[in-house]
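**Q** I'd like to ask some things about the structure below.
The values are calculated or read from the model by the stated rules, or taken from the named source; none is laboratory data. Note that the structure is predicted; figures quoted are calculated from it, not measured. Neighbour counts are summed over all protein chains in view; Cβ atoms, including those assigned to glycine, are modelled from backbone coordinates with ideal geometry. The protein model used for the area step is the full one, side chains on, heavy atoms only, and it has no ligands, DNA or RNA in it. Shrake-Rupley method; radii C 1.70, N 1.55, O 1.52, S 1.80 Å.
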Amino acid sequence: MPEQLVFGMEVILNGLMAGVLYALVALGFVLIYKASGIFNYAQGVMALFAAMTLVGIMNGQVPFSHLINAIFGTHIHYFGWNVPALFAILLTMAVMVLLAWAVQRFVMRHLVGQEPIILFMATIGLAYFLEGVADLMWGSEIKTLDVGLPQGINLWIDESTFNIFGYGFFIDNLDIVATVIAALLVAALVAFSQYTKQGRAMRAVADDHQAALSVGISLNFIWIMVWSVAGFVALVAGIMWGTKSGVQFSLSLIALKALPVLMLGGFTSIPGAIVGGLIIGVGEKLFEFTLGPALGGATENWFAYVLALIFLVFRPQGLFGEKIIERV
């Protein structure tokens, strides 16, 4: 009995840690959807693009080196220096801000007033475009990302595990650090949305574009700011997931795990993204722990989507979403 209790506690804690990371990815969707009504399918690819750019800058890689060498017959791949992690993160954030400006300037501003499905299709095109650009810029091989975050099993007690009731309790150092960073970022985003002038302007734009314009709020500035913040969130998510599993093109698929989180929490709610992420994280771990062996395992691949489907049937707006009532 104590052994099962300890294993259950370990499963719940690891689920909470995974849930915070899911919530972090979901926040990028929520921020853009709240400010512009656009469901940004490219959020996961933005995390991939940010992580690949960070690795390329840290390694001193020449952008588009494969293309340049193919055109000019050269063999240049690296500048010959390594960039410190902190400075590389700042440079990558500048790239993500430039990307936010480019998306708004060359794509979204031309689609103002279009149907939501057109905007959604535009973000699908943007996702594949960014994936192709990332491949051309930095290459498609799997990359190792190391920004100095601690990794490996926690060694605080008994040199290998936490020890509760005489049983091992394994916790990964990277999971702990990622959870703390993600929690601080989530808290900062909530505070930014609620208590700053720009945050209030963002909420005003989300409520009514025309009313926001009438009081002097610049929609272009707000949208660039929101895409920049979403880019920063994507960068943090890319660092966490890239450090954990390597920077590879499957990294963009983390966005798919954020979809059930949004369905549970609501597409317009920052607290909903947090709660939804925790529910998904803990739920899939506990389900795998309790019923996974009887069902053949690998239940984490589909549990979140089944749970989201149930919510769509009985509460389509999610736990914290606003119920839309249309009068005719």
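**Q** Put a dot 7 Å past each Cα toward the Cβ at Y78 and A102; how far apart are the dots in nm?
**A** The modelled label-to-label distance comes out at 2.5 nm.
**Q** Additional query: Mind grabbing the accessible area of H66 for me, 1.4 Å probe, Å², rounded to tens?
**A** Estimated to the nearest 10 Å², H66 gives 90 Å².
**Q** Using a 1.4 Å probe and counting only protein heavy atoms, arrange K197, K34 so the residue with the most accessible area comes first.
**A** K197, K34
**Q** In whole angstrom, how far apart do the alpha carbon centroids of segment 261-312 and segment 32-105 sit?
**A** 31 Å
**Q** Moving to a separate point now. Over the chain, what is the relative contact order in percent, taking alpha-carbon pairs closer than 8 angstrom and at least six residues apart?
**A** 34 percent
**Q** Who wins for biggest fluctuation among L91, L126, L67 in a Gaussian network model of the chain, springs between alpha carbons below 10 Å?
**A** Comparing L91, L126, L67 in a Gaussian network model of the chain, the most mobile one is L67.
**Q** Please identify, among I171, I32, I254, the residue showing maximal mean-square fluctuation in a Gaussian network model of the chain using a 10 angstrom Cα cutoff.
**A** I171
**Q** Could you work out what % of the accessible surface of the chain is carbon and sulfur, using a 1.4 angstrom probe and leaving DNA, RNA and ligands out of the count?
**A** Using a 1.4 Å probe with all protein chains present, the chain comes out at 68 percent carbon and sulfur.
**Q** Let me ask you something else. Can you list which of the DSSP-assigned H helices in the chain have a Cα extent of 18 Å or more along the long axis and an average Kyte-Doolittle score of at least 0.5?
**A** Membrane-span-like by this criterion, though nothing is claimed about a membrane: 2-36, 43-58, 85-106, 116-138, 173-195, 219-245, 270-290.
**Q** Related question: Please build a GNM for the chain, connecting alpha carbons under 10 Å apart, and tell me which residue among L253, L48, L24 fluctuates the most.
**A** Most flexible of the set in this elastic network: L253.
**Q** Here is a further query. If amide hydrogens are placed 1.01 Å from N in the peptide plane, which non-local residues have theirs closer than 5 Å to the one on D172?
**A** Long-range HN contacts for D172: N154.
**Q** For Q317, enumerate residues with amide H under 5 Å from its amide H, sequence gap 5+ or separate chain, H modeled in the peptide plane.
**A** HN-HN under 5 Å from Q317: empty list.
**Q** Still on this structure, I have one more. Treating segment 75-151 as a set of equal point scatterers at the Cα positions, no solvent, please give the Debye-formula log₁₀ I(q)/I(0) at q = 0.19 Å⁻¹.
**A** -1.02
**Q** Report the Cα centroid-to-centroid distance between segment 176-194 and segment 198-221 in angstrom, as an integer.
**A** Centre-to-centre (Cα) distance: 24 Å.
**Q** Could you give me D for segment 213-258, from Stokes-Einstein at 10 °C and 1.306 mPa s, where the hydrodynamic radius is the Kirkwood radius over C-alpha pairs? Units µm² s⁻¹, please.
**A** Here the translational diffusion coefficient equals 128 µm²/s.
**Q** Sticking with this one: From zero up to wherever the largest Cα-Cα distance of the chain sits, split into 20 Å bins and tell me the percent of pairs in each.
**A** In order of increasing distance, the bins hold 29, 55, 16, 0 percent.
**Q** Taking loop as defined by DSSP and a crowding limit of 16 other beta carbons within 10 Å, which chymotrypsin sites (Phe, Trp or Tyr not before Pro) in segment 238-328 fit?
**A** W302
**Q** Per residue, what accessible area does the chain have, given a 1.4 Å probe and all protein chains present, in Å²?
**A** Averaged over the residues of the chain, the accessible area is 50 Å².
**Q** So which lysines can K197 reach, going by Cα to Cα under 28 Å and dropping same-chain residues fewer than 8 places off?
**A** K34, K323
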